[in-house]
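S.K.: Submitted below is the structure of interest, expressed as structure tokens.
The values are calculated or read from the model by the stated rules, or taken from the named source; none is laboratory data. If you're wondering where the values come from, they're calculated on a predicted model, not measured in any experiment. Note that each Cβ is placed from the backbone with ideal geometry, even for glycine, and that neighbours are counted across all protein chains shown.
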Amino acid sequence: MTETTDGTCFHCGETIPGDTELVLEIGGQMRAVCCSGCLAVARLIHHSGLENYYRFRQRLGSRIRPDVAARQEAWKTVDDRMSLWGTLRADGDRDLLLQTEGIRCAACAWLIRSHLERSRGVRAVQVDTATGFTRITWNPAQTRLSEIAAALFGLGYTPHLPIASEEEEGRRTVRHDSLKRVGVAGLGMMQGMMYAVGLYAGDALGISSAAKGFLTWVSLIVALPVLLYSGRPFFTGAWNGLRNSRPGMDLPVALAVALAFSASCVNFFRSQGEVWFDSVVMFIFFLSLGRHFELVLRHRNLQAGSALARLMPEWAQRLSHSGSETVPAADLALGDRVRVAIGEPFPADGALISGTTEVNEALLTGESQPRLRRQGDSVVAGTVNLSQPVEMEVTAAGNEATVSALGRLLLTAQARRPDAQGMPSWLVPVFIIAVLVAASGTWWYWHLAQPERAFPAMLAVLVASCPCALSLALPAVYSATCQRLMKAGILLTRADALHDLLRVDTVVFDKTGTLTRGYPEIQRVRLNTDRPEVDQEAVLRIAASLEAHSAHPLARAFSAGMGGAHARDVVVVPGSGLTGNVGGKIWRIGNPRFVLGDDAAGQGAVENGAIWLADEKGWCAVFELTDALRQGSRNAVRQLSSTGRDIHICSGDAEQPVAAIAGLLGIGSWQSRLGADEKLQVIRALQQEGCTVLMIGDGVNDGPVLAAADVSMTVKGAAELANSTADFILTTDSLAGVTQAFAIARQATRLVRQNLVWALVYNAGVMPLAMSGTLKPWMAALGMSLSSLLVVLNAARISRRADESSRHCALPGAQTQHS
Amino acid sequence: MNMLYVLIPLALVLLAVAAWALLWAIRSGQFDDLDSQGWSVVLDDDQKPPAEQLEAEEEKP
């Protein structure tokens, strides 16, 4: 029996803190986990017999949030709320759609399905891996909403309150309708083709007129539902376009289909001339199929985006006479009193009734400096409480809250999403007029020359000129690329950014939180050589026990040594340090002036961010802190500079740490102590020199710079404001996504070029054939459809390669299983 | 050849049945998740723990 000793959690892959010794047996081996949350999840998975999840998962699980219990309790308060139960089905069950955080691969979907479907009152579960939406069919009489939520929490996933689900429900119906139309058209096409073969063979080999009439009849019967059901979107689209005097691609399609069908009917009832029922059906089928692919890909992106748009807090701590309760933020009413903890956003507009705190209003003002708010001051929903827990009284809640700024942010974020229009909007009417002119010109010419060939030739022109492939060329690639990026842990919010990324010649990094992890770690411990009795382990333990009483960000550096000793009588001196009693001695820890007093200068101590520790007799140790490099940053910098791109660091941090990181990464150009507007000036100056700048940042103060840069990217854990102005959002901890984004963008641009060239060559090449009458309508329909399909399939190549790479990622996990 | 007049209408009836079945399957969401269903073949083991053991585990805490 071996133990995994690489120091990372078996469930979530995070580093296990030094003092944690949590193990459990899974798959015949002892596995170490990082926290009790992960332990509970792994134990549940093991006891439910679902260990296969660990064998086949492609990504590690997500770390269990510490506030799981509180969240789970909060769900109990909404148990009786029928509006959250989902849509009522005919059999009394409910269809509940939950957006669930933490779903990463097909194994997650299987885990959720297997576990939930065993619980009482749950009929069926479907999980959409790409978007994280979980659809649960359940019976409210047999189970409760909070029990379903608890089951998801228990597996390590976080369900969100079902508020965004209406939209998704609507999109699902649209997707179903689209698929039904494709299905009906497909069945119709297969049948129609069969009869068409009979008719063509009959033309060649001879056929009785009765049999021919019968086959044509059947073709008509099969084509009719296809035309009326599957073809309907084209007619409504064409009609809407005409009514708004903005004719779209649907017009030539609708015209071709309607003309071909009615002319076939006329010819059939006159019992002379050709029929084109097969062409009609085939045309509709391939067009619907192409559109369906595009629709599905587009919806995927929309859903991924809606998860991102959650700027408002979901839950609030409402105070009542008996205490406090957690309620959905949407429930807050005028006059409610709410407690807001440190680091949480205010759930509604209101006035502070107790406490003084600093508030981060960057979301509204774009300013990163916190503002001081006292009792009686007003606060705005969505801004973040920074320094003290406070209580507020709600003055405006729900839709009335001052969320206009949020709304604006959201709208701009959505407006910048890839649009479905592949062709520039001015080109569309020009193109359509040209097609109509060409079609009527063809008809006119043949009408004078050989009247019986006029109609088929015109039909062929209408069908052949359909710019479906052209209009699909860009959106198909963009959609597929978004999916591929998503699999690589990158969200794309602006389609053009893919193209712009390739022009980038200068990359500007923020330091804290971007190149580095954003929190301090102990780099080196210097012991006082005059004090031989102190050893490194002891001072670390003492420092940890003291710092455990501090909420200061630097205190986090010591958390690894926690648990060894206990400090009593701890006094926190803001801005300086702490004193406390550990093992019977009074210790002081903090900056040198505080720890050493007047002696500081004599010891050669300078204020360089190091933490000093002293007992009654004098100083014992100095802890030099550093902000550790983010995973993959070395690689990303090396690859970017090896491809000839200039790299700069713009940081708001002090000179010394910035220089250290720059030296570590081999970046020659760096600037420190820059405010948000100074960063902006740096970027503008670079742009004036003619550089195309990619800005990679994370903080709220990077927001304006990210917006100003030609292309912008944020890393995991970035502020919402930064994310809302970013073109790319990395969702994995590593910076490897930067180089991946470059590689994928290069591939996408190549595919777009291939698609456009193909579509243009095809349309230009086939037009003369159609006008000259050599191209039969059915050939034109087949060619057009295949050309569209080719474009979509070509675009899909980019997703397939993503699958291959994710398979490689899965290998290391598989190996540890067998070792 | 007269057989055609029987067989083709019969085929049309089958076609209608097929179309209805397809529409039903789409409506009941069978085409919503095409990724994870394939995995259940690999993931679902025949040797699940007996139900009693499961319940006992749940009652413990």
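S.K.: Looking at segment A:685-704 only, could you name the residues that are under 31 Å from the mean Cα position of the chain (by Cα), modelled with pLDDT of 85 or more and not small (Gly, Ala, Ser)?
M.R.: Correct list: A:Leu686, A:Gln687, A:Cys691, A:Thr692, A:Val693, A:Leu694, A:Met695, A:Ile696.
S.K.: Give me the residue from segment A:14-40 that is touching a Leu at 6+ places or on another chain (Cβ under 9 Å), in a helix (DSSP H, G or I) and within 14 Å of chain B (Cβ to nearest Cβ) and, out of that set, farthest from A:Phe558 (Cα to Cα).
M.R.: The extreme case among them is A:Leu39.
S.K.: Spot the failing condition for A:Pro313; the list is (1) farther than 29 Å from A:Glu101 by Cα; (2) in contact with a Phe, Trp or Tyr (Cβ under 9 Å, 6 or more places away or on another chain), and only one is missed.
M.R.: (1)
S.K.: Next up: Have a look at A:Ile284, A:Ile221 and point out the one that is within 14 Å of chain B (Cβ to nearest Cβ), within 20 Å of A:Gln191 (Cα to Cα), modelled with pLDDT of 80 or more and assigned to a helix (DSSP H, G or I).
M.R.: Just one listed residue meets the conditions, A:Ile221.
S.K.: Please go through segment A:109-133 and pick out each residue that is among the β-branched types (Val, Ile, Thr) and within 8 Å of chain B (Cβ to nearest Cβ).
M.R.: Passing the criteria: A:Val127, A:Thr129.
S.K.: Tell me the residue from A:Gly237, A:Gly206 that is at pLDDT 80 or above, out of contact with any His (no Cβ under 7 Å at 6 or more places or on another chain) and within 14 Å of another protein chain (Cβ to nearest Cβ), please. Don't jump to the end; show me each part of the working.
M.R.: Details: A:Gly237 fails: within 14 Å of another protein chain (Cβ to nearest Cβ).
Answer to the selection: A:Gly206.
S.K.: Also, quick follow-up: Check A:Met194 against each of (1) buried (at least 20 other Cβ atoms within 10 Å of the Cβ); (2) within 11 Å of chain B (Cβ to nearest Cβ); (3) modelled with pLDDT under 90 and name the one condition it does not meet.
M.R.: In the conditions (1) buried (at least 20 other Cβ atoms within 10 Å of the Cβ); (2) within 11 Å of chain B (Cβ to nearest Cβ); (3) modelled with pLDDT under 90, A:Met194 misses (1) alone.
S.K.: Is it the case that segment A:766-776 has a residue that's at pLDDT below 85, farther than 27 Å from A:Ser288 by Cα and not in a helix (DSSP H, G or I)?
M.R.: The answer is yes; a qualifying residue exists.
S.K.: OK, next. Count, please, the residues in segment A:69-80 that happen to be surrounded by fewer than 20 Cβ atoms within 10 Å (Cβ to Cβ) and out of contact with any helix residue (DSSP H, G or I) (no Cβ under 8 Å at 6 or more places or on another chain).
M.R.: Looking only at that region, the number is 5.
Residues checked against (1) surrounded by fewer than 19 Cβ atoms within 10 Å (Cβ to Cβ); (2) in a helix (DSSP H, G or I); (3) not basic (Lys, Arg):
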position	(1), (2), (3)
A:Asp95	no, no, yes
A:Trp110	no, yes, yes
A:Arg120	yes, no, no
A:Arg123	yes, no, no
A:Pro140	yes, no, yes
A:Phe153	no, yes, yes
A:Gly156	no, no, yes
A:Ser178	no, yes, yes
A:Arg181	no, yes, no
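S.K.: Being out of contact with any Gly (no Cβ under 8 Å at 6 or more places or on another chain) and more than 14 Å from every other protein chain (Cβ to nearest Cβ) is the filter; apply it to segment A:50-71 and report the residue that is nearest to A:Ile148 (Cα to Cα).
M.R.: Checking each candidate, the answer is A:Arg71.
S.K.: What are the pairs, 6+ residues apart or on separate chains, where a residue within segment A:510-531 that is over 17 Å from A:Gly663 (Cβ atoms) has its Cβ under 7 Å from a residue that is polar (S, T, N, Q) and modelled with pLDDT under 80?
M.R.: A:Gly518/A:Thr512; A:Pro520/A:Thr626; A:Glu521/A:Thr626
S.K.: Could you please find all residues in segment A:472-503 being crowded, with 21+ Cβ neighbours inside 10 Å, assigned to a loop (DSSP other than H, G, I, E, B) and not small (Gly, Ala, Ser)?
M.R.: Selection gives A:Thr493 alone.
S.K.: Output the residues belonging to segment B:1-32 that are assigned to a loop (DSSP other than H, G, I, E, B) and more than 7 Å from every other protein chain (Cβ to nearest Cβ).
M.R.: B:Asn2, B:Met3, B:Ser28, B:Gln30
S.K.: Follow-up question, since we're still on this one. On the basis of being out of contact with any Lys or Arg (no Cβ under 6 Å at 6 or more places or on another chain), over 30 Å from A:His46 (Cα atoms), modelled with pLDDT of 65 or more and in a helix (DSSP H, G or I), does B:Val41 make the cut?
M.R.: no
S.K.: So which of B:Ala51, B:Ala56, B:Ala18 is within 30 Å of A:Ala90 (Cα to Cα) and either at pLDDT below 80 or under 22 Å from the mean Cα position of the chain (by Cα) (or both)?
M.R.: From the options B:Ala51, B:Ala56, B:Ala18, the qualifying one is B:Ala18.
S.K.: So for segment A:287-309 (the condition being modelled with pLDDT under 75, among the basic types (Lys, Arg) and buried (at least 17 other Cβ atoms within 10 Å of the Cβ)), does at least one residue qualify?
M.R.: yes
S.K.: When you check A:Leu625 against the structure, is it in contact with a Gly (Cβ under 7 Å, 6 or more places away or on another chain), in contact (Cβ under 8 Å) with a residue 60 or more places away in the chain and surrounded by fewer than 23 Cβ atoms within 10 Å (Cβ to Cβ), yes or no? Give the derivation first.
M.R.: On the way: in contact with a Gly (Cβ under 7 Å, 6 or more places away or on another chain): yes; in contact (Cβ under 8 Å) with a residue 60 or more places away in the chain: yes; surrounded by fewer than 23 Cβ atoms within 10 Å (Cβ to Cβ): yes.
Against the criterion (in contact with a Gly (Cβ under 7 Å, 6 or more places away or on another chain), in contact (Cβ under 8 Å) with a residue 60 or more places away in the chain and surrounded by fewer than 23 Cβ atoms within 10 Å (Cβ to Cβ)), A:Leu625 qualifies.
S.K.: Looking only at segment A:644-664, count every residue that is surrounded by 20 or more Cβ atoms within 10 Å (Cβ to Cβ) and within 22 Å of A:Thr739 (Cβ to Cβ) and tell me the total.
M.R.: 7
S.K.: Further, regarding this structure: Of all residues in segment A:505-523, which are basic (Lys, Arg) and part of a helix (DSSP H, G or I)?
M.R.: Scanning segment A:505-523 gives a single hit, A:Lys511.
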